[in-house]
Structures are given as C-alpha cells and as structure tokens.
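Chemist: I'd like to ask you about the structure that follows.
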Amino acid sequence: MSILYVVATPIGNLEDITERAKRILSEVDLIAAEDTRHTAIVLNHLNVKTPLTSYHDHNESSASRSLIDQIKSGKEIALVSDAGTPLIADPGYRLVKLAREEGVKVVPVPGVCAVTAALSVSGLPTDKFAYHGFLPAKSKALKDFLKELTNEPGTLVFYESPHRLVKTVAMFEQVFGSDRILVVARELTKAFEQVSYGTIVEARERIESGEIVIKGEFVLLLQGRLEVDSQWDERKLLAELLTDLPVSRASDLASRLTGRPKKTLYKLALSMKEID
Ligand code: SAM
C-alpha cells in the first residue's frame, strides 16, 4: 500500500518551504490542493511538475473517497493547502480520518504554521497554549465563547480576518478587561510583517491610531488568566476594593485580578460587608 503525505507550505515567504517538502512534492504521483491555481504558482516557483487535483471544503467527502482509492491502488499522494499546515483551519480532516480508518499510511511533512510562528515571537508563555482557530462571527456567540475562556491558564491563540479585528478586540476588552497582554501578529514572514505587544487597551489604541494596520492576515495571542499575586490575599484585596466600590464591582475586579470565580468572591465580599 502507498502513502498519503500531509505537506506544509509557506504562509507568505516562499523560502520557508523545506527541502523535504520540495522532494516529496516532486516525487508523488498527484498533489491534492485546496486551490489548484494558487498551488500551481507555488509549484512553478519550486519547479515541481506533479499533476494537481482539487480538494476543498465543498468536495471533501467525494474527493476523500477517490483519493484513498487511488492510494490503495498504488499511487502516492500529497495533500497541501493554500498556506501553512493542512487541516489547521484548512481542509484535510476528512481525508486523513478516512485514511486512518482504512489503514492507509499517513506521513507528516511538517513546516510552517501561523500558530507556532506567531507564538514563537509573541513573548507570551508557550509552555501551555490553546489554539481556537477563527472566532464565532455573531456578537452574542462571540461573547459566550470568550466568556468560557476567561479562566484558561495558558496563552489563547486565534486566527482573525481584518474586517473583524476591531470588533474582536473590543469584545476582548469587554470580556477579559483591559490588563491582559494581547499580541497582534500580522502578515508573518511577508513584507509588511508586524508584531504588536501590549495590553488589550494598547492594542485597541494602536488600531484606532492606525499604528496597527488593518490589512492582511492576523493571529491574535491573548495572555491566559492573570495569576494571583502571591502577596495578595483575596480577603485583603476585597477589603481594599470594598472601601471604594460596591460588592458586585469589587468582586468582579477581584475575580479578574486573581482568576478566582466571581461567584465565590461575591459571596465572600457580601459576608465581609455584613461583618462590617
Ligand atoms: N493552515 C494555515 C496555517 O497553518 O497557519 C492557516 C490557514 S487559515 C485558512 C488562514 C488564517 O491563518 C489567516 O486568516 C490568519 O488568521 C492566519 N495566517 C495565515 N498566514 C498568516 C500570516 N502570514 N500572518 C499572520 N496570520 C496568518
């Protein structure tokens, strides 16, 4: 039985193709590509003459069946997407799943992925991170989705398009407050590459002032929940906040600062008020 190769290609700079990817792409019998015209340009640059076939979101089921049958009959096939690693916010999942289910060998040919490229230069913790792909488009769904993430300890990574950037950053500010670090990584490996490091508020201000240009491709990296400062005892913190703020606002702030559930802090704040 033959092999399905899953081959990463560049996300901008064509020099980022690996030697192995070039060799595999020129040796296989067929390349399954998300957009054959786009991949033809990349292959032309690499001087690879392998035939192309189309594999995208709208023909994934039927194309997967046909590709697996061809592999079983002895063909070697490589899967590529328009940019980066296939299956990462790109087609390919059904094909690889079918290959696995039917005992077809699947071999990775790793390379660029916007997630790891962005993380590697973000300055945010990389020991623990969660990639969430593209965020929901509708405001309510977006807010609900983000609320679920408020207590996540690791760095949160999202893909975003330019026309939704402003709305997403505004929603980050609403849900996560203003203090967390938000790294905006734009056009990585390309001529107008830009990586902005600052708080959520600073990111919003840089977008408003035009310092962060709303053009091209974006990865957003958000600092995970803010850890408790060891010097802070939550009682002391609440006592301080309650001198100036009502219970609800004080517990909300304390929750954001300590990462502890708001409900717990609200109850504690209430009991402290009563003792007062
Ligand atoms: N498979 C790709 C990968 O491995 O990163 C991702 C494909 S997904 C359809 C495209 C999204 O990835 C873009 O909207 C953007 O969020 C992100 N992306 C791709 N290339 C990028 C780049 N050069 N700079 C920043 N983000 C990029």
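The values are calculated or read from the model by the stated rules, or taken from the named source; none is laboratory data. Note that this is a predicted model, so its numbers are computed, not measured. Note that we place each Cβ from the backbone using ideal geometry, even for glycine, and neighbour counts take in every protein chain shown. Please note that ligands, DNA and RNA were not included when accessible areas were found on the heavy atoms of the full protein model with its side chains. Shrake-Rupley method; radii C 1.70, N 1.55, O 1.52, S 1.80 Å.
Chemist: Lys/Arg Cβ at +1, Asp/Glu Cβ at -1, dipole of the stretch 234-275 taken about the Cα centre: which of LEU245, SER271, SER255 is farthest positive-ward?
Modeler: SER255
Chemist: Now for a separate question. Placing +1 at every Lys and Arg Cβ and -1 at every Asp and Glu Cβ, with all other atoms neutral, what dipole size does the stretch 115-222 have around its Cα centre, in debye to the nearest 20? Display every interim value, and only then the final one.
Modeler: Numbers: 13 positive and 14 negative charges, 70 e Å.
I would put it at about 340 debye.
Chemist: Take peptides 181-188, 65-72 and line them up by average Cβ neighbours within 10 Å, highest first, as a rough protection proxy.
Modeler: On the way: 181-188: 22.4, 65-72: 16.8.
Order by mean packing, descending: 181-188, 65-72.
Chemist: To the nearest 500 deg cm²/dmol, what mean residue ellipticity at 222 nm is calculated for the chain from DSSP H runs of n ≥ 4 alone, each contributing -39,500 (n - 2.57), summed and divided by the residues?
Modeler: Values: 11 runs with 117 residues, N = 276.
Using -39500 (n - 2.57) per qualifying helix, the result is -12500 deg cm²/dmol.
Chemist: Ranked highest first by the average count of other Cβ atoms within 10 Å around their residues, in what order do 131-142, 47-58, 26-37 fall?
Modeler: Working: 131-142: 12.7, 47-58: 14.4, 26-37: 18.2.
The most tightly packed comes first, giving 26-37, 47-58, 131-142.
Chemist: Also: For a Förster distance of 22 Å, can you work out the FRET efficiency between the beta-carbons of THR18 and PHE134, rounded to the nearest 0.05?
Modeler: On the way: r = 26 Å, r/R0 = 1.20.
Once the sixth-power term is evaluated, E becomes 0.25.
Chemist: Same structure, new question: Looking at this model, which pairs from LYS128/LYS215; LYS97/LYS138; LYS147/LYS263; LYS236/LYS262 are more than 18 angstrom apart at the alpha-carbon? Each step should come with its number before you reach the end.
Modeler: Values: LYS128/LYS215 29 Å; LYS97/LYS138 30 Å; LYS147/LYS263 14 Å; LYS236/LYS262 16 Å.
Flagged as over cut-off: LYS128/LYS215; LYS97/LYS138.
Chemist: If you don't mind, there's one more thing I want to ask. For the stretch 115-222, what's the relative contact order in percent, using C-alpha pairs closer than 8 Å and at least 6 residues apart? Mind dumping the intermediate values first?
Modeler: Values: 170 pairs, mean separation 34.0, N = 108.
Result for the stretch 115-222 is 31 percent.
Chemist: Right, something else. Tell me, what is the per residue accessible area of the chain in Å², probe radius 1.4 Å?
Modeler: Numbers: 14530 Å² over 276 residues.
On a per-residue basis, 53 Å².
Chemist: Taking the chain as a Gaussian network, Cα atoms linked when under 10 Å apart, which of VAL107, VAL169, VAL157 shows the biggest mean-square fluctuation?
Modeler: Result: VAL107 has the largest fluctuation of those listed.
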